[in-house]
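Just below is one structure, and these are the notes that go with it.
The values are calculated or read from the model by the stated rules, or taken from the named source; none is laboratory data. Owing to the predicted nature of the structure, the values given are computational and were not obtained by experimental measurement. Counting neighbours? That spans all protein chains shown, and the Cβs are built from the backbone with ideal geometry, glycine included.
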Amino acid sequence: MRISQLLLPTVKEDPAGAEAASHKLMVRAGLVRQLAAGIYVYLPAGWRVMQKIEQIIREEMDAIGCQEMLMPVLQPAEIWQESGRWDAIGGEMFRLKDRKGADLALAMTHEEVVTWLAAREVHSYKQLPQLWYHFQTKARDEARPKSGVLRTREFIMKDSYSLDVSYEALQESYRKHIGAYDRIYQRCGVDCMMVEGDSGMMGGSISHEYMAYAEAGEDEIVFCRECGYAANVELALAGADREAPAGVPPAGEIETPEARTIEQVAAFLQLPARAFCKALVVIAEPGGGGEAGQAAPAGPAAAGPVMVLVRGDHELGELKLRRAFGGEFRLATADEVAAAQGVEPGFVGPLPTPLPVYADEALRRGAYVAGANKPGYHLSGVTLEQMPQARFADLREARPGDPCAHCSGELQGARVIEVGNIFQLGTKYSAPMGATFLDEDGKERPIVMGSYGIGLARIAAAAVEQHHDDNGIAWPATIAPWHLHLVLVRASDETQRALAEQLYDELPTAGFEVLYDDRDMSPGIKFKDADLLGCPAQVVVGKRAGEGVVELKQRSSGERRDLPVADLAAALRELLA
Ligand code: ATP
Ligand code: MG
């Protein structure tokens, strides 16, 4: 491709409000343009990257026997009503009506269509297992589209689905996908880690997320170097502290005038935050009962005010509390706290309380200081043994520095981008939608399903996050828009032009994808654009063209050397390997 004819609008300025390096660089390098909030146009160079990622994914899906097909974006409401997600999903789903007034949805994901299809086309155990996939646009009305193509309202996903006769058989489909996903990320040059995930709107029980390391990531994981445990902080398990809090004063009321927050009381009593038991009043929303297939370990909460206890130095994990309740909740207002507990929020404590109590596991042992339910007072020597009604659950957010729950190691933290997510759905969709098969004994059973997603744009953006410098992107060779960027230094120089044209003709026949900067522009601008766009190799045709010598530069290391044209193909092959 000749740059003189290519739509490659590079710009010097970062897009307004952009923070993520991938957002800035993908716009500046002329890869994407934002049409509206969370809606992007892929320009030719950007689309080439997407197609390369797509092809790598396709090869790995085909290699595990997954069959490519195409399912529609526009879908009738009925299938979503049958699965229960028409009501379960809120504002994230784009809904519309056709000219006859019938309800339709734009696909957020394709479990419903897959299950609809399986219900009609799969009848016998002899047809199973099946693995199906497609590349298709998903539409989600994200609350906060941001960070360029990392979180958009329309995006392309590879989603695959497994259909099996049993949970045991599902493990094999799941295992195959894990192998394929490992190879996909590795081939795309994206360094990531598989962690335990939350099943969220997909339902089911077991799920894993693929997390690419990046400062711009919205997610946080903790992991243990000793035993390899890794999970999203939202649901990561932290180990018990090795020592109990010391120095807690003997049981009794303590006057703590004007000290309300844990920090204030801790400073006033000269105790560490971990010596405190923090009491929060939340309102469990009605109609909880839990996401289908997800048991609430501590038993579902009745709607209304609930007291939640975590240690003073711990933060409540919202997802964990939702799981414990089996439903949604919100923080109580000061008035609601006063009505429920008879005291203002700063002095709320568990002894006594008329409310149902959920306590974090860390509080099972030890004595703490807590609010005394009396303005201006705290109570020391509070142990939860005094509260037989307390239900214990893992409620606190794990954080770096916590002990590992699985070995003697310590948890470390990292910011990450979720680039993929795999789910064991079980019969969450097949049961309500009637996707059954006849087993060997002629008995009708629901198909056991799995679903597996990868966002193409997130791989591209994660690759940029992990491979860039101050001058621009340094693409992994496998997903770069072109293998090499051929720079003609002086367009007016006949010798240089002749050699550049010759290379532009010949290199593709040797299997190289060439982007040719044939423009009559200052060399400085051309070099800047080459670094910004980030093709892995740059071939510069300049002063030594007369001798048949060009300069080869590796974008990632900046290393350059002169070499005769005859040696170029071999050197390029080595550089791109
Ligand atoms: P998130 O938690 O980041 O909102 P999700 O868990 O809702 O994502 P999934 O339903 O698991 O996403 O979708 C599978 C994959 O699709 C994700 O791992 C991600 O790579 C991609 N993806 C999801 N939402 C978006 C989005 N808004 N923009 C771009 N890619 C997305
Ligand atoms: Mg996900």
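Met71 meets the conditions (1) assigned to a loop (DSSP other than H, G, I, E, B); (2) touching a Pro at 6+ places or on another chain (Cβ under 6 Å) in every case but one. The failed one is (2). Whether a residue is within 16 Å of ligand 1 (Cβ to nearest atom), touching a residue at least 24 places away in the same chain (Cβ under 8 Å) and buried (at least 16 other Cβ atoms within 10 Å of the Cβ) was assessed, and Ile459 passes this test. Considering region 286-309, and only residues there that are over 27 Å from the mean Cα position of the chain (by Cα) and in a loop (DSSP other than H, G, I, E, B), the residue that is modelled with the highest pLDDT turns out to be Ala303. The listed residues are Arg458, Arg490, and the only one of them that is under 30 Å from Arg560 (Cα atoms), of a type in the set (Lys, Arg) and either more than 16 Å from ligand 2 (Cβ to nearest atom) or not in a strand (DSSP E or B) (or both) turns out to be Arg490.
Would you be able to tell me the number of residues in region 304-328 that are among the small types (Gly, Ala, Ser) and under 18 Å from Glu220 (Cα atoms)? I'd like the intermediate steps shown before the answer.
Quick first cut of region 304-328, residues among the small types (Gly, Ala, Ser) only: 304, 312, 317, 324, 326-327.
Of the ones still in play, those that are also under 18 Å from Glu220 (Cα atoms) are 317.
Summing the residues that are among the small types (Gly, Ala, Ser) and under 18 Å from Glu220 (Cα atoms) in region 304-328 gives 1.
The residues of region 191-207 that are within 13 Å of ligand 2 (Cβ to nearest atom), of a type in the set (A, V, I, L, M, F, W, C) and modelled with pLDDT of 80 or more, listed by number, are Met194, Val195.
For region 128-178, which residues satisfy the criterion of being part of a loop (DSSP other than H, G, I, E, B) and of a type outside the set (D, E, K, R)? Full working, then the answer.
Step one: of region 128-178, the residues part of a loop (DSSP other than H, G, I, E, B) are 128-129, 140-145, 147, 152-153, 165-166.
Correct list: Leu128, Pro129, Ala143, Pro145, Ser147, Thr152, Val165, Ser166.
Rundown of residues vs (1) under 25 Å from Leu6 (Cα atoms); (2) in contact (Cβ under 8 Å) with a residue 40 or more places away in the chain; (3) crowded, with 20+ Cβ neighbours inside 10 Å, yes/no style:
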{"position": "Gly426", "(1), (2), (3)": "no, yes, yes"}
{"position": "Ala431", "(1), (2), (3)": "no, no, no"}
{"position": "Asp439", "(1), (2), (3)": "no, yes, no"}
{"position": "Gly450", "(1), (2), (3)": "no, yes, yes"}
{"position": "Gly455", "(1), (2), (3)": "no, yes, yes"}
{"position": "Gly472", "(1), (2), (3)": "yes, yes, yes"}
{"position": "Leu507", "(1), (2), (3)": "yes, yes, yes"}
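Restricting attention to region 2-30, the residues being under 17 Å from Trp47 (Cα atoms), aliphatic (A, V, I, L, M) and out of contact with any Lys or Arg (no Cβ under 9 Å at 6 or more places or on another chain) number 6. In the set Ala246, Ala266, Ala216, only one residue is touching a residue at least 60 places away in the same chain (Cβ under 8 Å) and of a type in the set (Gly, Ala, Ser); that residue is Ala216. Residue count for region 352-381 satisfying the condition of being among the charged types (D, E, K, R), touching a helix residue (DSSP H, G or I) at 6+ places or on another chain (Cβ under 8 Å) and crowded, with 22+ Cβ neighbours inside 10 Å: 0. Note on region 319-338: residues that are exposed (fewer than 15 other Cβ atoms within 10 Å of the Cβ) and free of Cβ contacts under 8 Å to residues at least 12 places away in the same chain total 3.
From Pro400, Pro388, which residue is surrounded by fewer than 23 Cβ atoms within 10 Å (Cβ to Cβ), out of contact with any strand residue (DSSP E or B) (no Cβ under 7 Å at 6 or more places or on another chain), modelled with pLDDT under 95 and outside any strand (DSSP E or B)? Step through it out loud before you land on a result.
Details: Pro400 fails: out of contact with any strand residue (DSSP E or B) (no Cβ under 7 Å at 6 or more places or on another chain).
Exactly one residue qualifies, and that residue is Pro388.
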